[in-house]
1. Within the stretch 65-91, how many residues are part of a loop (DSSP other than H, G, I, E, B) and buried (at least 21 other Cβ atoms within 10 Å of the Cβ)?
2. Mind telling me which of the residues ILE25, ILE55, ILE89 ends up being in the same structural domain as ASP229 (by TED's automatic domain parsing), within 16 Å of the chain's Cα centre (by Cα), among the β-branched types (Val, Ile, Thr) and within 23 Å of LEU268 (Cα to Cα)?
3. Could you pull out the residue among THR148, THR200, THR120, THR157 that is hydroxyl-bearing (Ser, Thr, Tyr), within 30 Å of ALA256 (Cβ to Cβ) and touching a Gly at 6+ places or on another chain (Cβ under 9 Å)?
4. Taking THR84, is it closer than 15 Å to ILE60 by Cα and either touching a residue at least 24 places away in the same chain (Cβ under 8 Å) or over 23 Å from the mean Cα position of the chain (by Cα) (or both)?
5. I want to confirm something. Restricting to the stretch 1-18 and keeping residues that are modelled with pLDDT of 95 or more and assigned to a strand (DSSP E or B), which single residue is farthest from ARG44 (Cα to Cα)?
6. Any chance the stretch 154-165 includes a residue that's within 26 Å of PHE14 (Cα to Cα) and crowded, with 16+ Cβ neighbours inside 10 Å?
Amino acid sequence: MKFELTILGNTSPFPSKGRLPTSQILNINERLYLIDCGEGTQIRMNELGIKRMKIDHIFISHLHGDHYYGLFGLLGSYRVSRRTQPLHIHCPEGLKELIEFEAKISYAGEFMFPLHFHTTNAKKAEKILDNKDLEVSTIPLRHGEIPTTGFLFREKTGERKMIKSKIKEYNIPFQKIPAIKKGGFFKLPNGKVIKNTELTLAPPPAKTYAFCSDTAYFTGLIPFIKNVDLLYHEATFNAEDGVDAGKKGHSSTLEAAKIAKKGKVKKLIIGHFSTRYRDLEALADESRTIFENTEVAEEKKTFVIA
């Protein structure tokens, strides 16, 4: 199953030359999920050929403008394009009122497609989406006074795979195969039971991605990101400047790396960089002094979880 993350924007707190605020697309089995929607998100999607109409779920971490200002334009495009399929927005309390107020004062009228808002709770982790492909849960973060959540995307474990030679060897009827793939056994006419492990192969491990948006260094999130395949963690400041990132509700490159190391994640990507920094690879080098498998959330880059 495809499980790919594409970075649309990686900067803060506003757009700069060649860089856009936070926004990402997660492609799971050709279903697209938009994570945050900073200014310019649509422009970047157009550049990459990402079809906005394939997005049915949008996840907004918090209501600082660099994480959702692009949403007004995106919804406007859906309106002009005469979208008909439902759209679900998972977001903090207050965004629904903002969207409805903008529609009112612009005399845009009601949306012609079903628009559903699902309010997130920044005080505790909750499952907010469960479909045939994945489960999504919130991750409580610490970003000053504003309610902020990260998101954990966990692929559903697939069925076990039949060993073709065993189907022939035991003359297994076709109608028995679905139950065996779900973990069942097969009973021969003479009463002998063939265990499932002899008939099938285990599916690949479920893939996982954790998005930790704006947050100060917070070890409380570690249980939620433990052993994930890919972790995105903000790293607004480098360590060399001596900025107390925590007082600003943010993390440094080294703090992001410490979280990745404590969480035993497989790969860390850092982003949400202050516009003061141009050499982003130098920021990753700082993180690598603590967590070697660190990469920059480079805009337009796709990370594939195999």
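The values are calculated or read from the model by the stated rules, or taken from the named source; none is laboratory data. All figures in this text were calculated on a predicted structure; none of them were measured in a lab. As a convention, Cβ positions derive from the backbone with ideal geometry for all residues, glycine included, and neighbour counts pool all protein chains shown.
1. Qualifying residue count for the region: 1.
2. Working: ILE55 fails: within 23 Å of LEU268 (Cα to Cα); ILE89 fails: within 23 Å of LEU268 (Cα to Cα).
Answer to the check: ILE25.
3. Result: THR148 is the single residue among THR148, THR200, THR120, THR157 that is hydroxyl-bearing (Ser, Thr, Tyr), within 30 Å of ALA256 (Cβ to Cβ) and touching a Gly at 6+ places or on another chain (Cβ under 9 Å).
4. So THR84 does not fit the description; no.
5. PHE3
6. Checking the stretch 154-165: not a single residue is within 26 Å of PHE14 (Cα to Cα) and crowded, with 16+ Cβ neighbours inside 10 Å.
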